[in-house]
Ligand code: HEC
């Protein structure tokens, strides 16, 4: 009986959360809202706005999450990314990593590039 009550409560909370996410309200921020600040450099489609910014689209989600955790802790050092990563919770990192990983990527090898390109 208790379990059923708990399950009903959990389902209710989930529904509320889903509603908040759809409405774009914090704290249940949508992946797109969380990723909005990233678009300036990494592109709204995750494929980067300039060669100096890595593409995130289609990358393994656990690689992206690891990178973000390392920027946050300082293990991987980059002044720009440290500032962004420090604002992210573990949940944010999971959401962002899966969001970018699910985007169609344009990752390729260097066979189409001239040397120094
Ligand atoms: C002002 C530009 C800028 C913004 C905005 C920005 N980044 Fe970055 N990001 C960079 C740069 C530059 C690097 C490469 C840093 C390095 O050499 O480690 C990077 C690297 C990364 C990497 C590692 C990629 C790899 O292939 O190793 C991830 C993941 C990442 N950013 C995620 C994000 C997320 C998520 C956001 C938004 C919360 C964001 N970035 C916002 C500039 C930016």
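The values are calculated or read from the model by the stated rules, or taken from the named source; none is laboratory data. As the structure is a computational prediction, the values presented were derived from the model and not from experiment. Here the Cβ positions follow ideal geometry from the backbone for every residue, glycine too, while neighbour counts run over all protein chains shown.
If we keep just the residues of region 48-71 that are crowded, with 19+ Cβ neighbours inside 10 Å and outside any helix (DSSP H, G or I), which is farthest from the chain's Cα centre (by Cα)?
This residue is 55.
Kindly provide the set of residues from region 28-43 that are assigned to a loop (DSSP other than H, G, I, E, B) and in contact with a helix residue (DSSP H, G or I) (Cβ under 8 Å, 6 or more places away or on another chain), ordered by number. Spell out how you get there, then give the answer.
Step one: filter region 28-43 for residues assigned to a loop (DSSP other than H, G, I, E, B), giving 28-30, 43.
Correct list: 28, 29, 30.
From the list 82, 18, which residue is in a helix (DSSP H, G or I), surrounded by 11 or more Cβ atoms within 10 Å (Cβ to Cβ) and at pLDDT 95 or above?
The unique qualifying residue is 82.
Out of the residues in region 37-62 meeting the condition of being under 18 Å from residue 78 (Cα atoms) and in contact (Cβ under 8 Å) with a residue 12 or more places away in the chain, tell me which one is farthest from the ligand (Cβ to nearest atom).
Top of the filtered list is 55.
Report, by residue number, each residue of region 27-47 that is surrounded by 13 or more Cβ atoms within 10 Å (Cβ to Cβ) and modelled with pLDDT under 95.
28, 29, 30
Does any residue of region 91-114 turn out to be more than 18 Å from residue 31 (Cβ to Cβ), modelled with pLDDT of 95 or more and outside any loop (DSSP other than H, G, I, E, B)?
no
Considering only region 68-80, how many residues are under 18 Å from residue 31 (Cα atoms) and within 8 Å of the ligand (Cβ to nearest atom)?
Number satisfying all stated conditions: 1.
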